[in-house]
Amino acid sequence: MWYAIVLAAGFGTRLVQDIQKDKSDAFQSLVNVSKPLLPVGGTTVVDHWLESLQNCGREVACTVIVTNVKYQEHYQQWLKQHNYSTLHLVTNTASSDDNRLGAIHDLWLAVEYLHKHLLRNNKEEVDNSSYIVIAGDTLVPFLNLKDLLNQFVQSLDFLDSLVVAYEPKNKEDLCKRGVFRVEHTCKGICARDVIEKPSHPDRAPSSIASIPVYLFSSCLKQDLENYLFGEAAQWRNRDAPGHFLSWLCSIRRVYLYMTPYRLDIGNLEQYQEALWFASCCFLKEAAGRFIYRASNRIDCETSSNDFVYFKHKGRASNENAVGRALPRVGIIGNPSDGYGGKVISGTIEGCGFAQVIAEPSDTFYIVPHPVYDCFEFSSLKEMNDVTSSCGFYGGLRLLQAACVSFYRLCEQQGLVISSNCKLHYSSSIPRQVGFGGSSALIIACFRCLATFYQIPMLQLAPLEKWPTIILRCETELLSISAGLQDRVVQIMEGVIYMDFSELKQDCGKYERLKKISLPDMYLAWLPRGKFSGTIHSNLGTRWRNKEPLVLEIMHSLGELADKLRQDWNDLDAQQLANYVDTNFEYRRQLLGNQVIGQGTLEMVEWARWCGMSAKLVGSGGAILCVSPTPLPLWKIEQAFHDKNVSFCKLEIAW
């Protein structure tokens, strides 16, 4: 018989501190909410787990939730609103972090409760019991609970344990987890030891880290009591499950069940990511490829419904909605996209993202950003410095244009918008360097509004129409010169080939290119960029006047994109480097050195001095560098940083 235990006795100290420090105040209403009771995707975190347990294919006799004195009443109120007849609440004696008992002691309390009140220490029932233990502030959206329990029952011996684990994409995350020393056996991956939060990724025994979902056999009570109260109990860390697992590995076999991704809710940033994941489940293809990247299924063409076990249930009344969008780089062909050409571009990771948060409100309000929309400064010099780095325009006009466009689309469909929200925006994308920061903010706003009002974007318009809708926010509502390229790749995500030579109903031909192992690529940009709309305005005039040089170069840039597309599956570093050099020379002929700018030209020369090819990623001043042969990254970084130029390795967000 199965018994489930949900550990929910944490105080959420980091999350509370983050909410209190957050200048937007967008999450202030949740400051006193226990993390497992936070809303995500229309219901609470703990409700997601309870539904999964109900559908796990095994009979779960009861579920015990362990909480603390501070949140006891919250859970009692929550229980009254649900019909969970087999759910039991156990409260420990802790009232704050100062007197908390620790996760392992809480686990023992739950097991002790089960033995006394449900199993009644009946030996036969105790011997036939198994336990699934879950941290209530964690979601594991790709975890097939039915398969997990089947593996435990069918493949492992009676006294074995099974722990859910994953390989973090960011190796720094290993320092925040319990990391396993492993051995591959005929039964699967066996944990030989656990190192709790290694001091450096290089000191981790493997790349496999723990997820707080555990399956234990009937001897759990005995093991816990030996660990907590036995001979070596004085040095046991009761708060870190990794220490208990390490000890358990020394007396029993502990196997690992791998899954690609976990959603912790330890701080505000992590909670926002959980909300964004819920938005992606609702928006589906209109949210880009985040779910596919998280699940390591980039080449998967099936619907995410086939492998996501997180069930989106709408938006709870106290739940904020989150929309995000990634920056992009033009790889080959730009700037021909706005002039009947062809381009290949890609979205990138590691250079930030645009984010819009919708908070339930009595009125509709776009909150000015404290930096980008600031009009009060300590001095004239500070105003100059902020304007030089951030530009004259913040994001308010972009969000307002997106909101107006969203409302008009809903109106055309006969959809009534009745409730209101307060929009908060932020962007960690470097500004005015050609990464598509403006279009990213508009896309993030559309995604946020669609999630908040629970109106699927694909109900308002098919996916191929959305780049044009987003573009018109800027060109028609704000009179900003721009092209379709950014909007296409940022709404679809990945690496996209775009053909604008024959637009049909304001749409080009768009093709997602297969994920391949690309040569090493890098990005570099100056601290102060330029507004790309100015450059496109002049170029647009020359294009409309049919200047022969402009027509010729735009055609040549399009041919360059076609050649790269043909070579894509067998692309080598030297080929890509040659394409990049050719693209830059075409742009220089088209615009001239003065328009490109002395700073950008110097960056290209520095890149070539380092043995790399380089071109502009957009019209803002950032450059894409390609290395035909592997280079020592730290030397290149130092060379660029010495010249006050930002530099990083490019990571495609496939």
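The values are calculated or read from the model by the stated rules, or taken from the named source; none is laboratory data. Note that this is a predicted model, so its numbers are computed, not measured. Cβ atoms come from the backbone with ideal geometry, glycine included; neighbour counts cover every protein chain shown.
So residue 366 fits all but one of (1) closer than 30 Å to residue 554 by Cβ; (2) surrounded by 15 or more Cβ atoms within 10 Å (Cβ to Cβ); (3) hydrophobic (A, V, I, L, M, F, W, C); what number is the exception?
Exception for residue 366: condition (1).
Taking the conditions exactly as written (assigned to a helix (DSSP H, G or I), in contact with a strand residue (DSSP E or B) (Cβ under 9 Å, 6 or more places away or on another chain) and of a type in the set (A, V, I, L, M)), does residue 109 satisfy them or not? It would help to see each step written out before you state the result.
On the way: assigned to a helix (DSSP H, G or I): yes; in contact with a strand residue (DSSP E or B) (Cβ under 9 Å, 6 or more places away or on another chain): yes; of a type in the set (A, V, I, L, M): yes.
Judged against the criteria, residue 109 is a match.
Among 429, 417, which is on the phi < 0 side of the Ramachandran plot, in contact with a strand residue (DSSP E or B) (Cβ under 8 Å, 6 or more places away or on another chain) and of a type outside the set (Lys, Arg)? Working first, answer last.
On the way: 417 fails: in contact with a strand residue (DSSP E or B) (Cβ under 8 Å, 6 or more places away or on another chain).
From the options 429, 417, the qualifying one is 429.
Rundown of residues vs (1) in a loop (DSSP other than H, G, I, E, B); (2) touching a Ser or Thr at 6+ places or on another chain (Cβ under 8 Å), yes/no style:
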| position | (1), (2) |
| --- | --- |
| 401 | no, no |
| 407 | no, no |
| 410 | no, no |
| 416 | yes, no |
| 433 | yes, no |
| 440 | no, yes |
| 451 | no, yes |
| 459 | no, no |
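Here are some residues: 213, 163, 179. Which one is assigned by TED's automatic domain parsing to the domain that holds residue 254, surrounded by 19 or more Cβ atoms within 10 Å (Cβ to Cβ), modelled with pLDDT of 95 or more and touching a Leu at 6+ places or on another chain (Cβ under 6 Å)? Explain how you work it out, then say what you get.
Numbers: 213 fails: touching a Leu at 6+ places or on another chain (Cβ under 6 Å); 179 fails: touching a Leu at 6+ places or on another chain (Cβ under 6 Å).
Just one listed residue meets the conditions, 163.
Looking at (1) of a type outside the set (Lys, Arg); (2) in a loop (DSSP other than H, G, I, E, B); (3) modelled with pLDDT of 90 or more, which is the only condition residue 619 fails?
Of everything listed in (1) of a type outside the set (Lys, Arg); (2) in a loop (DSSP other than H, G, I, E, B); (3) modelled with pLDDT of 90 or more, residue 619 misses just condition (3).
State the number of residues belonging to region 462-516 that are closer than 24 Å to residue 293 by Cβ and assigned to a loop (DSSP other than H, G, I, E, B).
The total comes to 8.
Name the pairs: first residue in region 572-597 and assigned by TED's automatic domain parsing to the domain that holds residue 616 and without any contact (Cβ under 8 Å) to a residue 60 or more places away in the chain, second residue hydroxyl-bearing (Ser, Thr, Tyr) and assigned to a helix (DSSP H, G or I), Cβ to Cβ under 7 Å, at least 6 apart or on different chains?
Final answer for the pair search is 586/556.
So, in region 316-326, exactly how many residues are assigned to a loop (DSSP other than H, G, I, E, B), touching a Ser or Thr at 6+ places or on another chain (Cβ under 7 Å) and not small (Gly, Ala, Ser)?
Residues of region 316-326 assigned to a loop (DSSP other than H, G, I, E, B): 316-320, 326.
Filter once more, so that each one left must be touching a Ser or Thr at 6+ places or on another chain (Cβ under 7 Å): 316, 318, 326.
Going one step further and asking which of them are not small (Gly, Ala, Ser), we end up with 318, 326.
Going through region 316-326 one residue at a time, the tally reaches 2.
Could you grab me the full set of residues in region 11-30 that are in a loop (DSSP other than H, G, I, E, B) and either closer than 30 Å to residue 284 by Cβ or modelled with pLDDT under 95 (or both)?
From region 11-30, those in a loop (DSSP other than H, G, I, E, B) are 11-12, 22-27; that's our starting set.
Listed by number, the residues that qualify are 22, 23, 24, 25, 26, 27.
For region 629-642, name all the residues that are touching a residue at least 40 places away in the same chain (Cβ under 8 Å) and in a loop (DSSP other than H, G, I, E, B).
629, 630, 631
What tally of residues in region 127-184 results from selecting those that are out of contact with any strand residue (DSSP E or B) (no Cβ under 7 Å at 6 or more places or on another chain) and more than 27 Å from residue 291 (Cβ to Cβ)?
Residues flagged as out of contact with any strand residue (DSSP E or B) (no Cβ under 7 Å at 6 or more places or on another chain) and more than 27 Å from residue 291 (Cβ to Cβ) within region 127-184 amount to 9.
Filter region 265-288 for residues that are surrounded by fewer than 22 Cβ atoms within 10 Å (Cβ to Cβ) and farther than 27 Å from residue 361 by Cα and give the result.
The one that is surrounded by fewer than 22 Cβ atoms within 10 Å (Cβ to Cβ) and farther than 27 Å from residue 361 by Cα: 285.
Quick check: anything in region 275-289 more than 30 Å from residue 449 (Cβ to Cβ) and in contact with a His (Cβ under 8 Å, 6 or more places away or on another chain)?
The first filter runs over region 275-289 and keeps only residues more than 30 Å from residue 449 (Cβ to Cβ), leaving none.
Within region 275-289, not a single residue is more than 30 Å from residue 449 (Cβ to Cβ) and in contact with a His (Cβ under 8 Å, 6 or more places away or on another chain).
Is there a residue being under 22 Å from residue 143 (Cα atoms), at pLDDT 95 or above and surrounded by fewer than 19 Cβ atoms within 10 Å (Cβ to Cβ) anywhere in region 230-247?
no
Any idea which residue in region 332-358 is surrounded by the fewest Cβ atoms within 10 Å (Cβ to Cβ), counting only those that are touching a strand residue (DSSP E or B) at 6+ places or on another chain (Cβ under 7 Å) and assigned to a helix (DSSP H, G or I)?
Top of the filtered list is 337.
Taking the options 338, 323, name whichever one is farther than 22 Å from residue 568 by Cα, at pLDDT 95 or above and small (Gly, Ala, Ser). Please lay out each step first, then the result.
On the way: 338 fails: at pLDDT 95 or above.
After ruling out the rest, the residue left standing is 323.
What number goes with the only condition from (1) surrounded by fewer than 16 Cβ atoms within 10 Å (Cβ to Cβ); (2) modelled with pLDDT under 95; (3) out of contact with any helix residue (DSSP H, G or I) (no Cβ under 9 Å at 6 or more places or on another chain) that residue 156 does not pass?
Among (1) surrounded by fewer than 16 Cβ atoms within 10 Å (Cβ to Cβ); (2) modelled with pLDDT under 95; (3) out of contact with any helix residue (DSSP H, G or I) (no Cβ under 9 Å at 6 or more places or on another chain), residue 156 violates only (1).
Can you confirm whether residue 560 is touching a Ser or Thr at 6+ places or on another chain (Cβ under 7 Å) and either part of a helix (DSSP H, G or I) or within 20 Å of residue 501 (Cα to Cα) (or both)?
On the way: touching a Ser or Thr at 6+ places or on another chain (Cβ under 7 Å): yes; either part of a helix (DSSP H, G or I) or within 20 Å of residue 501 (Cα to Cα) (or both): yes.
Answer is yes for this residue.
Yes or no: region 381-393 includes at least one residue that is farther than 24 Å from residue 475 by Cβ and among the hydrophobic types (A, V, I, L, M, F, W, C).
Within region 381-393, the first condition is being farther than 24 Å from residue 475 by Cβ, and the residues that meet it are 381-389.
With the extra rule that they be among the hydrophobic types (A, V, I, L, M, F, W, C), the set shrinks to 383, 386.
Checked region 381-393: at least one residue is farther than 24 Å from residue 475 by Cβ and among the hydrophobic types (A, V, I, L, M, F, W, C).
Determine, yes or no, whether residue 257 is of a type in the set (Phe, Trp, Tyr), assigned by TED's automatic domain parsing to the domain that holds residue 142, within 28 Å of residue 653 (Cβ to Cβ) and surrounded by 14 or more Cβ atoms within 10 Å (Cβ to Cβ).
Yes, satisfied.
Just checking, which of 162, 174 is under 19 Å from residue 60 (Cβ atoms) and out of contact with any Asp or Glu (no Cβ under 7 Å at 6 or more places or on another chain)?
Numbers: 174 fails: under 19 Å from residue 60 (Cβ atoms).
None of the other options fit; the residue is 162.
Please enumerate the residues belonging to region 413-434 that are more than 24 Å from residue 22 (Cβ to Cβ), touching a residue at least 40 places away in the same chain (Cβ under 8 Å) and not aliphatic (A, V, I, L, M). Lay out the reasoning, then the answer.
Here is the first cut: in region 413-434, the ones more than 24 Å from residue 22 (Cβ to Cβ) are 413-418, 432-434.
Of the ones still in play, those that are also touching a residue at least 40 places away in the same chain (Cβ under 8 Å) are 413, 415, 432-434.
Selection gives 413, 432, 434.
Only residues that are surrounded by fewer than 16 Cβ atoms within 10 Å (Cβ to Cβ) and over 22 Å from the mean Cα position of the chain (by Cα): list them for region 22-50, please.
Of everything in region 22-50, those that are surrounded by fewer than 16 Cβ atoms within 10 Å (Cβ to Cβ) and over 22 Å from the mean Cα position of the chain (by Cα) turn out to be 28, 29, 31, 32.
Check 376, 382 and return the single one that is modelled with pLDDT under 95, in a loop (DSSP other than H, G, I, E, B), among the charged types (D, E, K, R) and surrounded by fewer than 13 Cβ atoms within 10 Å (Cβ to Cβ). So that I can check it myself, show each step before the final result.
On the way: 382 fails: in a loop (DSSP other than H, G, I, E, B).
After applying the criteria, what remains is 376.
In region 294-316, what residues are buried (at least 20 other Cβ atoms within 10 Å of the Cβ) and farther than 25 Å from residue 8 by Cα?
Residues satisfying the conditions are 294, 304.
Please pick out the residue among 545, 538, 569 that is in contact (Cβ under 8 Å) with a residue 24 or more places away in the chain, over 30 Å from residue 301 (Cα atoms) and surrounded by fewer than 17 Cβ atoms within 10 Å (Cβ to Cβ).
On the way: 545 fails: in contact (Cβ under 8 Å) with a residue 24 or more places away in the chain; 569 fails: over 30 Å from residue 301 (Cα atoms).
Matching residue, one of 545, 538, 569: 538.
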